[in-house]
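The structure under discussion appears below in the form of structure tokens.
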Amino acid sequence: MAGNSFGEAFRITTFGESHGDGVGVVIDGCPPRIGLSPNDFMRDMLRRRPGSSGFDSPRKEEDRVEILSGVFEGLTTGAPITLFIRNRDADSKPYEILRRLFRPGHGDYTHFKKYGHFDFRGGGRYSARETAARVAAGVVAGKILGPLGIRVVAYTLELGGIKAEKNDLEFIEKNPLYCPDPMVTEQMEQAISRARREGDSLGGIAEVFVTGCPAGLGEPVFDKLDADLAKAVMSIGTVKGVEMGAGLAAARLKGSENNDALTPEGFSSNQAGGILAGISNGDEIVLRAAMKPIPSISQEQHTIDRQGRPGRLRFNGRFDVSAIPRVIPVLEAMVKIVLADHCLRSRMIT
Ligand SMILES: Cc1cc2nc3c(=O)[nH]c(=O)nc-3n(C[C@H](O)[C@H](O)[C@H](O)COP(=O)(O)O)c2cc1C
């Protein structure tokens, strides 16, 4: 199974399965002399772990990060950093039915087609459990970005068709859905509760906002900053669309409306989302990700078994109703990883 690594100068390789001993990440290329302790991971791991918001899977995981290598006397040494997160509450029993029947909308069918067998207990590598390793790597990336004044924040713009109209960034951390609009959070919470009662799931849209990013990150051809960000974000399960700045709406604008005028004080608007020709322009980076509804639902669905015979699946495992809110720290992490990689490639930090 190829493709477990991402990045060039700051390169992460994740490993582990949802129902194995645990998941983890090896980070190659992290500069030396950065302070790193297990406590540094707690905030972001708590935000991602299941069972903390009341709107997600009841699986209870501590998600404590063990540092297995690359740190001595509290400082990174420059050697590969290995981070490990043990699985404590994996319950494979509800997944027994998936030994036989494929979950519609999930990776079971494609994994079976590609590999001839797959870890049906929670999905193994294609489980969202793998994103715990990404969040841990994102914390290390954040340590590179922090001193450069680069800050990454993600929040919920839409959930189950309910849109945030206000963008009160102060309010994001004050509600479990990371919604910036106090007027709609309750509606969003009710929509999740309703979908759960109906055995259904919901999709949503999140925005990632980067401040303090200097001009000059990104390479002009294949390693454009927006291309790398899109890959990073699209590699998260449920993400079906990524747009930068004006995004798809730019297709309906005229050049006179879409161009960001340059003034001695900076750009007069930010339709570009902070990136021009693949290189950051010094303005805020604005990226949106659209997430499909969680594929595991408890309503009965038509499917087939491994021999292609029709079947009906009623699946009662532990699952999230929506990728939001747990995807929020994962989005932040992947964006941080890309930015740290490009900072190192541009020799902004050595
Ligand atoms: C934070 C997060 C939590 C998720 N939780 C679940 C879940 O509880 N149950 C489930 O079936 N899928 C869950 N998913 C989605 C699947 O991992 C994903 O839909 C699946 O691997 C298929 O990939 P695709 O959506 O990219 O096609 C979650 C995804 C994320 C990012």
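Peptides 197-209, 286-298, 35-47, 135-147, ordered by how many other C-beta atoms sit within 10 Å of their residues on average, highest first, read 135-147, 286-298, 197-209, 35-47. Pairs over the 19 Å Cα-Cα cut-off, from the set Lys143/Lys336; Lys166/Lys231; Lys166/Lys336; Lys143/Lys174: Lys166/Lys231; Lys166/Lys336; Lys143/Lys174. Measuring nothing but how far apart in sequence close Cα pairs (under 8 Å, 6+ apart) lie, relative to its length, segment 40-97 scores a relative contact order of 27 percent. Mean separation of Cα pairs under 8 Å and 6 or more residues apart, divided by the residue count, gives the chain a relative contact order of 22 percent. Once the C-beta distance of Glu96 and Glu198 is scaled by a Förster radius of 30 Å, the resulting FRET efficiency is 0.80 to the nearest 0.05.
Computed extension gain for Lys113 through Arg314, at 0.36 nm per residue and net of the alpha carbon distance, reaches 70.1 nm. The angle between the Cα long axis of helix 131-145 and the main principal axis of the chain comes to about 10°, on a 0 to 90 degree scale. Given a cut-off of 23 Å, name the pairs among Lys163/Lys240; Lys60/Lys113; Lys113/Lys240 whose C-alpha atoms lie farther apart than that in the structure shown. Beyond 23 Å between Cα atoms: Lys60/Lys113. Taking all Cα pairs closer than 8 Å and separated by 6 or more residues, the relative contact order of segment 66-106 comes to 30 percent. Put a dot 7 Å past the Cα of Asn167, heading toward its Cβ, do the same for Ala2, and the two dots end up 4.0 nm apart.
Here r is the Cβ-Cβ distance between Lys240 and Phe72 and R0 is 51 Å; the resulting FRET efficiency, rounded to 0.05, is 0.75. Residue ranges 172-183, 71-82, 319-330 sort as 319-330, 172-183, 71-82 when ordered by packing (mean number of other C-beta atoms within 10 Å per residue, highest first). Of the residues Pro50, Leu145, Ile97, the one whose Cα sits farthest towards the positive end of the charge dipole of segment 1-160 is Ile97 (charges of +1 on Lys and Arg Cβ, -1 on Asp and Glu Cβ, taken about the Cα centre). Annotation: amide H of Ala215 within the under-5 Å range of Gly282, sequence separation 5 or more or interchain, hydrogens built in the peptide plane.
In this rough spin-label picture, where each label sits 7 Å from Cα along the Cβ direction, the Asn270-Met183 distance is 2.2 nm.
The ellipsoid equivalent to the alpha-carbon distribution of segment 113-177 has semi-axes of 31, 22, 9 angstrom, derived from the gyration tensor eigenvalues as √(5λ) and listed largest first. Evaluated at q = 0.16, 0.23, 0.26 Å⁻¹, a Debye calculation over the C-alpha positions of segment 93-148 (equal weights, vacuum) places log10 I(q)/I(0) at -0.58, -0.85, -1.00. Between the residues Leu229, Pro214, Gly274, the greatest Cα displacement towards the positive end of the dipole of segment 212-327, with unit charges on the Cβ of Lys, Arg, Asp and Glu, is found for Leu229.
Average accessible surface for segment 264-335: 41 Å² per residue, computed with a 1.4 Å probe over protein heavy atoms with every protein chain in place. Scaling the Cα radius of gyration of segment 70-111 by the globular reference 2.2 N^0.38 Å produces a ratio of 2.07. Shape analysis of segment 73-227 yields a ratio of the Cα radius of gyration to the Kirkwood radius, Rg/Rh, of 1.02. Here segment 150-261 is treated as a sphere whose radius is the Kirkwood value from Cα pairs; by Stokes-Einstein at 25 °C and 0.890 mPa s it diffuses with a coefficient of 150 µm²/s.
Put a plus charge on the Cβ of each Lys and Arg, a minus charge on the Cβ of each Asp and Glu, and nothing anywhere else: the dipole of segment 215-311 about its Cα centre is then about 580 debye. The tail of the calculated P(r) for the chain beyond 40 Å holds 13 percent of all Cα-Cα pairs. The mean accessible area for residues of segment 52-114, using a 1.4 Å probe and ignoring ligands and nucleic acids, is 55 Å² per residue. Let me know the charge dipole size of the chain about its Cα centre in debye, to the nearest 20, where only the beta-carbon of Lys, Arg (+1) and Asp, Glu (-1) is charged. Dipole about the Cα centre, nearest 20: 1320 debye. Could you tell me the center-to-center distance, by alpha carbons, between segment 264-301 and segment 176-218 in angstrom? Value for the Cα centre distance between the two parts: 13 Å. Think of the chain as having a plus end and a minus end, set by charges on the Cβ of Lys, Arg, Asp and Glu; of His106, Pro329, Thr303, Thr303 sits farthest toward the positive end of this dipole. When only the Cβ of Lys, Arg, Asp and Glu is charged (+1, +1, -1, -1), the dipole of segment 71-115 relative to its Cα centre reaches about 360 debye. Rolling a 1.4 Å probe over the protein heavy atoms of segment 222-350, with every protein chain left in place, gives an accessible area that is 52 percent carbon and sulfur.
The values are calculated or read from the model by the stated rules, or taken from the named source; none is laboratory data. Not measured: the values here are computed from a predicted model. In this analysis, Cβ positions are derived from the backbone assuming ideal geometry, glycine residues included, and neighbour counts consider all displayed protein chains. Keep in mind that these areas ignore ligands, DNA and RNA; they rest on the heavy atoms of the full protein, side chains included. Shrake-Rupley method; radii C 1.70, N 1.55, O 1.52, S 1.80 Å.
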